[in-house]
Amino acid sequence: MFTPEKMIHIQMVFPKSELSSVAETIIRDGHLHFVDPGEIEPWAKDLPQYLAEEEPEAVRVRRERIENLLHALQIKPQWEGIQPLEDPWEILDEKIKNIESEVEKIRVERENKFKEFSRIEKLKMLLGEIPTLGFPLESKEAYSYLYVETGRVFEKHLDILKEHLRPLLHLLLPLGTVKEKTLVLIVGLKRDKEKIQSALSEVRFEPIEWGKGEYAIPYEEMVQLDEKLFSLRNEIQTLESQLAEMAKRERPFLCSALFRLRKERLSHRIRKYFRKTDHTFFLSGWIPESQETSFVQSIQSITENRCVIQRIPAESMEKVRKGHLQVPVKLKNPWFFKPFEMLTTLYGTPTYRSVDPTPLVGLSFLLMFGIMFGDVGHGLVLALVGALLWLKMKKQSIKDMGKLIFFAGCSSILFGFLFGSIFGYEETLPHLW
């Protein structure tokens, strides 16, 4: 308290064969602050840097595939309770491929159903003025947007006609079959008239003229359109339910795979800080004194003691004492003052050898907040909100914000009793000050 945590300068030399394992251990530990060895040791500037890719092509392709799947399944990545994947990528790639295939199949089917639904719905809208008893063909020219045609086509050619008309917005109604010929009604848009006529000519369509008072769209057929829309809507909902179930089932695997890929990408990004010789790598960085022992043990364990590590306290380095070398700062405060560190950093992070004002900031903040907003009722509301954020949220920054609000609420309650104020009323409680 009142001073930042002491930092240790770490210098490491390890065999090239241990590059991946050392990088992964450093990432997993998460406490080492990298610096270029050439900034600390002048002789290290003569060592070549390890020029690693920011992100290897194989990692990038896998990451984009998984991110596309997460987007398609509407999954928001979460890292809480994530299980590491130890299987080789050959096995994981096969599983990713199977998920992609299943998602694409459902997605394409849903898209086709939705297009068909939109087509029928739009056609119904255009036919919205048609009487419920049917559509008199003698007035078909009265509809400025519609092109209507009736006639006969061989029953065996009906599927071919449907296939030709599939890309167009249309309604094709078979009205009955006599002697292998089916009477059909085609309703489409006038802008597609030539395409419809071309499709009809391909199947030897025989147009016919209807007499006055005869109808081409019976009421039953219009009802069938509504039933078709209802059926398509249910089918689309079923497909979306399948995607939701799949998202629930595959979420742990996809999040774990993405987490592993991000670790691999970070492993390559940190290698730009490595300097190399013919057979070794040289690495330099800062680590908090409280984490030094566990970090060194982890590195020596993973390399089987084939790593030479030099530890230098920051205070013993002449460049640090003279202020020529900046040391990263980690604030160190008791749990009560920990939330107030966010207020301190709003004004800037203290330098390594300076005083940490966080305790003074915390006490003065609570005192000023209580004096300005002293009210038992309002303070109780703040304290309850803060307690919920503190106890229920998982993200540490939100939990710290909850603690800050809780402490502010408690200060408001305390001064509320002193002022005798509750929800703005100052006559209900006897004031103590």
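Points worth noting:
- Those residues of the stretch 1-38 which are under 34 Å from the mean Cα position of the chain (by Cα) and assigned to a helix (DSSP H, G or I), in sequence order: 18, 19, 20, 21, 22, 23, 24, 25, 26, 27, 28, 29
- Filtered residues of the stretch 184-197 (kept if part of a strand (DSSP E or B) and either assigned by TED's automatic domain parsing to the domain that holds residue 121 or over 11 Å from residue 151 (Cβ atoms) (or both)): 187, 188, 189
- For the stretch 83-94, residues that are in a loop (DSSP other than H, G, I, E, B) and either in contact (Cβ under 8 Å) with a residue 40 or more places away in the chain or of a type in the set (Lys, Arg) (or both) total 3.
- Within the stretch 389-433, tally of residues that are surrounded by 14 or more Cβ atoms within 10 Å (Cβ to Cβ) and polar (S, T, N, Q): 3
- The set of residues in the stretch 225-243 that are of a type in the set (A, V, I, L, M, F, W, C) and under 13 Å from residue 102 (Cα atoms) comprises 239, 243.
- The number of residues in the stretch 352-393 that are under 36 Å from the mean Cα position of the chain (by Cα) and within 15 Å of residue 2 (Cβ to Cβ) comes to 2.
- When residue 65 is tested against (1) in contact with an Asp or Glu (Cβ under 8 Å, 6 or more places away or on another chain); (2) in contact (Cβ under 8 Å) with a residue 60 or more places away in the chain, only condition (2) is not met.
- In the stretch 381-433, the qualifying residues are those that are in contact (Cβ under 8 Å) with a residue 12 or more places away in the chain and touching a strand residue (DSSP E or B) at 6+ places or on another chain (Cβ under 9 Å), and the one that is nearest to residue 335 (Cα to Cα) is 416.
- Residue 363 fulfils the conditions (1) over 30 Å from residue 316 (Cβ atoms); (2) touching a residue at least 24 places away in the same chain (Cβ under 8 Å) except for a single criterion, (2).
- Candidate set from the stretch 44-82 (those that are over 18 Å from the mean Cα position of the chain (by Cα) and in a helix (DSSP H, G or I)); member that is surrounded by the most Cβ atoms within 10 Å (Cβ to Cβ): 59
- Residue check for residue 118: more than 23 Å from the chain's Cα centre (by Cα) and either at pLDDT below 90 or loosely packed, with under 11 Cβ neighbours inside 10 Å (or both): yes
- Contacts under 9 angstrom Cβ, first residue in the stretch 162-183 being part of a helix (DSSP H, G or I), partner hydroxyl-bearing (Ser, Thr, Tyr) and at pLDDT 80 or above, 6 or more apart: 164/198
- Selected residue (criterion: surrounded by the most Cβ atoms within 10 Å (Cβ to Cβ)) from residues of the stretch 83-106 that are in contact with a Leu (Cβ under 7 Å, 6 or more places away or on another chain) and closer than 17 Å to residue 262 by Cβ: 92
- Residue in the stretch 218-272 that is farthest from residue 86 (Cα to Cα), counting only those that are among the aromatic types (Phe, Trp, Tyr) and modelled with pLDDT of 85 or more: 230
The values are calculated or read from the model by the stated rules, or taken from the named source; none is laboratory data. Treat the numbers as computed from the prediction; the structure is a model and nothing was measured. Counting neighbours? That spans all protein chains shown, and the Cβs are built from the backbone with ideal geometry, glycine included.
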